[in-house]
Every structure is written in C-alpha cells, then in structure tokens.
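Here the structure comes first, spelled out in structure tokens, and everything after it is commentary.
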C-alpha cells in the first residue's frame, strides 16, 4: 500500500469514527498534531472570498480530512530546514 493510499484510508477511518492515531510532530518545542490541524481547518469561515493563492475557504473546509496529513508533513519539513 502506498503512502497516499494509507493517508486516504486513515482519513476515511477517521470520518467513519475510527480510532485516533495520534499523529504528533514535535518541532522545537512546538507540537503539532493531526487533530490540531483538522480543528483549525474546521473553523475556517467558508463564506469568505479566496485569498491571494486563489483557493476558496470552502474548498479547504470540504477537503479538511484529505489535506490535514499532507499539511502536517509540510509543516514538519518546513521546520526541519
């Protein structure tokens, strides 16, 4: 199973009420988790206009389960360098 397939199956399990897997990233005292990224995406105001990246908040909100893990990995990589 590829990493992408694992991420998709993990997010589908979470949507269906599956167990929490507790993905944590410790970045120099700052601890990010899957749940913290997901909760921030869930609080997005979907009726706002698109930002400078031309991505509408509604898209981020609707795809929050699919993009939480990749965002967490991006944050992890950005703090490593």
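Here are some notes:
- Taking the criterion of being farther than 17 Å from residue 71 by Cβ and surrounded by 11 or more Cβ atoms within 10 Å (Cβ to Cβ), the residues of region 45-57 that qualify are 46, 50.
- The one condition in (1) in a helix (DSSP H, G or I); (2) in contact with a helix residue (DSSP H, G or I) (Cβ under 7 Å, 6 or more places away or on another chain); (3) over 25 Å from residue 80 (Cβ atoms); (4) modelled with pLDDT of 90 or more that residue 60 fails to fulfil: (3)
- Breaking point among (1) within 14 Å of the chain's Cα centre (by Cα); (2) modelled with pLDDT under 90, for residue 79: (1)
- Members of region 58-74 that are within 20 Å of residue 30 (Cβ to Cβ) and loosely packed, with under 15 Cβ neighbours inside 10 Å: 70, 73, 74
- Qualifying residue in region 14-30 (condition: exposed (fewer than 13 other Cβ atoms within 10 Å of the Cβ) and at pLDDT 90 or above): no
- Selection count where residues are in a helix (DSSP H, G or I) and more than 15 Å from the chain's Cα centre (by Cα), scope region 33-57: 0
The values are calculated or read from the model by the stated rules, or taken from the named source; none is laboratory data. All values derive from a computational prediction rather than experimental measurement. Cβ: placed from backbone, ideal geometry, glycine included. Neighbour counts: every protein chain shown.
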